[in-house]
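Q: Here's a structure for you.
The values are calculated or read from the model by the stated rules, or taken from the named source; none is laboratory data. Here the structure is a predicted model, which means the values were calculated and not measured. Glycine gets a Cβ as well: all are built from the backbone with ideal geometry, and neighbour counts include every protein chain shown.
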Amino acid sequence: MIIGVYGLGRFGGFWSKQLSEHLSGSGNSVIGWSRDESRLVPEGVLRVGEDELLAADVIVLCVAISAVEEVLQGIAHRIKPGTLVMDTCSVKVHPARAMMRILPSDVDILATHPMFGPDSGKDGIQGLPLVFSPLRMGNDKIDLWRGYFNSMGLKVVEITPEQHDEEAAYSQGITHFIGRVLGELDLKGSSIGTTGYHDLLDIVRQTCNDPWRLFVDLQQYNPYTALMRQDLHQAINVMLERFDSIEVPRED
C-alpha cells in the first residue's frame, strides 16, 4: 500500500515521518508532495510529483483548514476509485462536510485529528490521542487503520466531528487563544519562576511556534469557538469586577 502525504509543511513533514517510521515495510511505503519545492522531505519519505501522489492508495491531507475546500476541488476528479482520503485538520466539522460533498462517491473518507504536533510530539507520540471519525469506508478499512494507529502507540479516540469540535473549542481552542494572549505580553524566563509559570511559558512556546494561519483557522472554522471566547471574556470580566470590589483595609 502506498500512503501519500499531500502537503509537507511543518505538520505534514512531521506526520509523514511518523507514518514512515511506524508503517513502512510489509508492503507499505510513504511518499510526499509539496507545492513548495524547498520543503525538506523526512528520511524514509520519497518526494514525488503531484500526479504520482494522487495515484496513491491512501491520500493524507496535511493542508491548512482554510485551504481544504480549494484543495479538494482541485484534486477530486484526479483520484482513482477506491482511494482512501483522510484529513488531519484541527477542526473536524468543516473538512468532514467538504470531503463528503466534494469527493466522488467511490472514494473512501476518514476524518482524523492527531492531537499533537512537532512540539508536543518531539519526544515521541506514544500514548497521545488521535481522533478517528470514519465517514465513508468499509469495516475492513476501518479496522485496518484503527489497527495501524494503535500499532503506532496512539490513543485512538472514536468520536464524531461534531463531538470533536464542541470539546476541542474548550480544550485546544482555548489553549491556543490563551497562548497567543500571553505571547503578546512577551513574558521572560525567571530564576524565581514557579513550576506553574514555566508551564505557562511552555504553552506560549507551543502555540506561538505554530503558524498564525492555524490559530486563525482554529478560531474561525470551529463552530463552537465563538461561544468559548464569549465565556472566556465573561469569566475575565467577572474576576476583574470581583477584584475591583475588594475593600482594601486602610492603614492608620
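Q: Across the range 1-54, which residue is nearest to Leu144 (Cα to Cα) among those that are of a type in the set (A, V, I, L, M, F, W, C) and assigned to a loop (DSSP other than H, G, I, E, B)?
A: Restricting to residues being of a type in the set (A, V, I, L, M, F, W, C) and assigned to a loop (DSSP other than H, G, I, E, B), the top hit is Met1.
Q: Taking Val204 as the residue in question, decide whether it is crowded, with 16+ Cβ neighbours inside 10 Å and either assigned by TED's automatic domain parsing to the domain that holds Val63 or over 30 Å from Asn28 (Cβ atoms) (or both).
A: yes
Q: Something else now. In the range 125-132, is there at least one residue being surrounded by 15 or more Cβ atoms within 10 Å (Cβ to Cβ), assigned to a helix (DSSP H, G or I) and of a type in the set (Phe, Trp, Tyr)?
A: No.
Q: Next question, about the same structure. Taking Leu185 and the conditions (1) in the same structural domain as Tyr224 (by TED's automatic domain parsing); (2) under 25 Å from Gln18 (Cβ atoms), which numbered condition does it fall short on, given that it satisfies the others?
A: Here Leu185 meets the rest and fails (2).
Q: Has the range 180-199 got any residue that is without any contact (Cβ under 8 Å) to a residue 24 or more places away in the chain and buried (at least 16 other Cβ atoms within 10 Å of the Cβ)?
A: yes
Q: Quick one: count up the residues across the range 15-48 that are aromatic (Phe, Trp, Tyr) and surrounded by fewer than 20 Cβ atoms within 10 Å (Cβ to Cβ).
A: 0
Q: Gly12 - would you say it is farther than 25 Å from Met115 by Cβ and either touching a residue at least 24 places away in the same chain (Cβ under 8 Å) or exposed (fewer than 13 other Cβ atoms within 10 Å of the Cβ) (or both)?
A: No: the conditions fail for Gly12.
Q: Search the range 157-179 for residues that are within 21 Å of Thr207 (Cβ to Cβ) and pair each with any residue that is in a helix (DSSP H, G or I) and among the hydroxyl-bearing types (Ser, Thr, Tyr) when their beta-carbon atoms are under 7 Å apart and the residues are at least 6 apart or on different chains.
A: Ala169/Thr225; Gly173/Thr225; Thr175/Thr207; His176/Thr207; Gly179/Thr207
Q: Give just the number: which of (1) surrounded by fewer than 20 Cβ atoms within 10 Å (Cβ to Cβ); (2) closer than 30 Å to Gln230 by Cα does Ala111 not satisfy?
A: Unmet condition: (1).
Q: Within 23 Å of Asn28 (Cα to Cα) and among the aromatic types (Phe, Trp, Tyr) - does that describe any residue in the range 116-131?
A: No, every residue in the range 116-131 fails to be within 23 Å of Asn28 (Cα to Cα) and among the aromatic types (Phe, Trp, Tyr).
Q: Can you tell me how many residues within the range 145-169 are over 19 Å from Asp108 (Cβ atoms), over 14 Å from the mean Cα position of the chain (by Cα) and of a type in the set (Gly, Ala, Ser)?
A: Number satisfying all stated conditions: 2.
Q: Can you tell me how many residues in the range 74-89 are of a type in the set (A, V, I, L, M, F, W, C) and surrounded by fewer than 20 Cβ atoms within 10 Å (Cβ to Cβ)?
A: Counting residues in the range 74-89 that are of a type in the set (A, V, I, L, M, F, W, C) and surrounded by fewer than 20 Cβ atoms within 10 Å (Cβ to Cβ) gives 3.
Q: Now a separate question. Could you please find all residues in the range 55-89 being out of contact with any Pro (no Cβ under 7 Å at 6 or more places or on another chain), within 14 Å of Gly7 (Cβ to Cβ) and assigned to a loop (DSSP other than H, G, I, E, B)?
A: Scanning the range 55-89 gives Ala56, Cys62, Val63, Ala64.
Q: So, one more: Report the residue count in the range 189-234 for those that are assigned to a helix (DSSP H, G or I), among the polar types (S, T, N, Q) and within 15 Å of the chain's Cα centre (by Cα).
A: Qualifying residue count, the range 189-234: 5.
Q: Give the range 111-124 a look and list any residue that's of a type in the set (Gly, Ala, Ser) and assigned to a loop (DSSP other than H, G, I, E, B), or say none.
A: Result: Gly117, Ser120, Gly121, Gly124.
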